[in-house]
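The values are calculated or read from the model by the stated rules, or taken from the named source; none is laboratory data. Quick caveat: nothing in here was measured; it's all calculated off a predicted structure. FYI the Cβ positions are ideal-geometry reconstructions off the backbone, even for glycines, and counts take in every protein chain you see. SASA here: full protein model, heavy atoms, side chains in, ligands and nucleic acids out. Shrake-Rupley method; radii C 1.70, N 1.55, O 1.52, S 1.80 Å.
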Amino acid sequence: MCFYLAIASSGLLLLLGQGSTLLLNRPSQADYRPLRQIAQQPPQTTRSPLSSPTTVINLSRGEQRLLSQLGDRRWDGRQWYLSKSQQLRDYLSTEDWQRRETIAANPLRYPSKADYLTLKQSQYRQVLEQESPIQRLILGSSIALGIPDELLNPGDLNLGIPAAHLQDTLQQVQTLDENLRPEQIILFGAATPELLKQASVSEIQADALAVLNALSRKYPQVPIILVSVLPRSRSSELAHPHMERVDNAKVRRLNRNLAHLFAQHPQIRVLDLNPYITDDDGYLKRDFSTDGLHANALTALVLIKLLQVSDRLDRTL
């Protein structure tokens, strides 16, 4: 955790490549595909536009060592589930624990999305009972859950669920306690499961807005950051052929639309991660992925750094 504090106090420059936009992607009117389903009130304040300098990520020696230790490993969700459920045994029902033991006894058996959801509900109950403050509440799919714990603050709570659709996240939000307010909410890895199912842009946008509206109603004073939808790598770099179902043209449309919708919103912002991790053609660089689709530790580190820059800008503004 000392690592997190070290990078939080650093003044490192954080962009990759030419012409990258520093946090908000502000599209032109020509790029905008309007969506008529906006339940938010007009913004009461206006944010100053952010500059677009050309800079480079400078990793400290400590960061380089940590990334080397983490490696480009594919996150083992089964092992994480078994370890975390052991820690949360007192918060699991008898039935849930029996289910966990069945999975542990069979090396070829993996937990389902329902198993992960149950585990995350137990983790949240632990936080409620202990009245632990939440610095950052992280929601999303396996991309969110795959953020290494070594990069997180002790006060961060990661409720990411493998294969979670936005409708699953909406159900999670509805169960959260409005009296336990996090300092910040991060939605990361959204829409990738829907893209794999080849859902339409309008369907995904509607579901994203439903989640964001629910969060803003439950936590009206809490900053919400929607991390841009991630593209996939080139076909030759994908671990599985079905990952080609993620249409990068759809990804670009989604990100343009969402950035436009929330460009002046006082509570919700879009953090455009893609200029930092994609090539000139918009493909996810293989160095930033475990399998051509899922983010690796380096991407998670870039995200954490950008969040820190965003926090400093908020304090300045």
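Annotations
- From T118, T169, residue being among the β-branched types (V, I, T) and open to solvent by 20 Å² or more (accessible area, probe 1.4 Å): T118
- Residue satisfying all of: in region 247-269; among the hydrophobic types (A, V, I, L, M, F, W, C) and not in a helix (DSSP H, G or I); nearest to P223 (Cα to Cα) among these: I268
- In region 263-302, the residue that is most open to solvent (accessible area, probe 1.4 Å) out of those that are farther than 28 Å from E63 by Cβ and touching a Leu at 6+ places or on another chain (Cβ under 7 Å) is A263.
- Positions within region 192-246 being outside any helix (DSSP H, G or I), out of contact with any Asp or Glu (no Cβ under 8 Å at 6 or more places or on another chain) and under 17 Å from I138 (Cβ atoms), in sequence order: I224, I225, L226, V227, V229, L230
- Yes/no for I204 being under 30 Å from E131 (Cβ atoms), under 19 Å from the mean Cα position of the chain (by Cα), open to solvent by less than 10 Å² (accessible area, probe 1.4 Å) and modelled with pLDDT of 95 or more: no
- Contact map, region 252-268: first residue of a type in the set (V, I, T), second residue part of a helix (DSSP H, G or I), Cβ cut-off under 6 Å, separation 6 or more or different chains; pairs are I268/L212.
- Every residue from region 75-98 that is in a helix (DSSP H, G or I) and either touching an Asp or Glu at 6+ places or on another chain (Cβ under 6 Å) or open to solvent by less than 70 Å² (accessible area, probe 1.4 Å) (or both): G77, R78, W80, Y81, L82, S83, K84, S85, Y91, D96, W97
- Positions within region 125-158 being farther than 17 Å from A208 by Cα, touching a Phe, Trp or Tyr at 6+ places or on another chain (Cβ under 7 Å) and either at pLDDT 95 or above or hydroxyl-bearing (S, T, Y) (or both), in sequence order: R125, Q126
- Flag if A164 is over 18 Å from P223 (Cα atoms) and either outside any loop (DSSP other than H, G, I, E, B) or under 18 Å from the mean Cα position of the chain (by Cα) (or both): yes
- Among the residues of region 99-113, those identified as more than 23 Å from G140 (Cβ to Cβ), open to solvent by 90 Å² or more (accessible area, probe 1.4 Å) and not charged (D, E, K, R) are P107, L108.
- A210 vs. criteria open to solvent by 20 Å² or more (accessible area, probe 1.4 Å), small (G, A, S) and within 26 Å of S310 (Cβ to Cβ): yes
- Selection of first residues in region 229-247 that are open to solvent by 80 Å² or more (accessible area, probe 1.4 Å) and of second residues that are small (G, A, S) and modelled with pLDDT of 95 or more, restricted to Cβ pairs under 6 Å at least 6 apart or on distinct chains, gives the following pairs, ordered by first then second residue: E244/S235.
Results for (1) touching a Cys at 6+ places or on another chain (Cβ under 9 Å); (2) of a type in the set (A, V, I, L, M); (3) within 29 Å of R286 (Cα to Cα), shown as yes or no for each residue.
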position	(1), (2), (3)
V211	no, yes, no
P220	no, no, no
L226	no, yes, yes
L238	no, yes, yes
R245	no, no, yes
V251	no, yes, yes
L258	no, yes, yes
I268	no, yes, no
